[in-house]
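Please read the structure below before turning to the comments.
The values are calculated or read from the model by the stated rules, or taken from the named source; none is laboratory data. The structure presented is a predicted model; accordingly, all values stated were derived computationally and were not measured. Because the Cβ atoms are built from the backbone with ideal geometry, glycine has one as well, and the counts that use them run over all protein chains shown. Surface areas here come from the heavy atoms of the whole protein model, side chains and all, with no ligands, DNA or RNA. Shrake-Rupley method; radii C 1.70, N 1.55, O 1.52, S 1.80 Å.
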Amino acid sequence: MKKDSQSNDIVLKSARSILAFSKWVLLAGIGVVTICLLAIPFTYQYLLAEMAKAFVSPPEPEIFGMIALIMALAVVLMLLTLFAVDRLRRIVRSVGEGNPFTHINGTRLRGIGIAAVGIQIVTFCASLLATGVVTMLGDPKPGVDFEMSPDASISISGILLVLLLIILARVFDRGAEMQEELDGTV
């Protein structure tokens with residue numbers, strides 16, 4: 001395939017646009033959650049009073065530590081996702097340039113795989129903390145609409161994704177070796 005036809009490929013154009021949009025959404029999300037996290041000490045009393053209005057037994061002040069930790073884990077989760085999106089964006093760019101089978105793309109895929117493992121671990125930990133928060137909050141007062149059921153489980157599809165990425169990284173490395181051998185014989 002020629003470089004001109006690849007640069008006009010609708011799939012690559014779409015991928016570039018989606019990845020660029022994802023990057024900005026993630027950066028905005030990181031900023032918003034970080035600001036909210038930093039605002040907790042200043043809004044602590046107000047939030048505690050509002051929670052006391054909504055739940056049968058007033059929540060303990062320690063709940064804000066758990067909520068802050070969940071928010072910090074959300075920032076870590078978004079940073080890991082941003083890392084993976086950036087690596088994928090670079091792979092898409094190299095495909096558009098007509099040279100996808102390089103060792104650096106194998107390394108990028110491994111990086112995405114490591115980020116996927118991190119995302120699984122962070123999500124599991126945040127879910128456990130959210131379960132603790134829901135338990136600490138107790139039952140809502142009559143007439144208060146509050147329902148939250150966090151799911152603290154390991155995703156089988158996430159594990160399969162990691163395996164797929166690691167195997168693809170090896171395929172890209174082997175493709176790069178074959179390309180080097182081919183270039184050496186010409």
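Among what's in the range 87-146 and is open to solvent by less than 50 Å² (accessible area, probe 1.4 Å) and in a loop (DSSP other than H, G, I, E, B), pick the residue that is modelled with the lowest pLDDT. Per the stated criteria, the residue is Gly138. In this structure, does Ile63 turn out to be over 13 Å from the mean Cα position of the chain (by Cα) and farther than 30 Å from Gly143 by Cα? Criteria not met by Ile63. Within the range 144-186, the set of residues being of a type in the set (S, T, N, Q) and over 23 Å from the mean Cα position of the chain (by Cα) comprises Gln179, Thr185. When Ser17 is tested against (1) over 30 Å from Leu163 (Cα atoms); (2) under 19 Å from the mean Cα position of the chain (by Cα), only condition (1) is not met.
Take the conditions in contact with a helix residue (DSSP H, G or I) (Cβ under 9 Å, 6 or more places away or on another chain), surrounded by fewer than 10 Cβ atoms within 10 Å (Cβ to Cβ) and not aliphatic (A, V, I, L, M) and apply them to Ser157. Does it pass? Judged against the criteria, Ser157 is not a match. When you check Leu164 against the structure, is it surrounded by fewer than 17 Cβ atoms within 10 Å (Cβ to Cβ), at pLDDT 90 or above and part of a helix (DSSP H, G or I), yes or no? Answer is yes for this residue.
Kindly check whether there is at least one residue in the range 47-58 that is open to solvent by 50 Å² or more (accessible area, probe 1.4 Å) and touching a Gly at 6+ places or on another chain (Cβ under 8 Å). Yes, because at least one residue in the range 47-58 is open to solvent by 50 Å² or more (accessible area, probe 1.4 Å) and touching a Gly at 6+ places or on another chain (Cβ under 8 Å).
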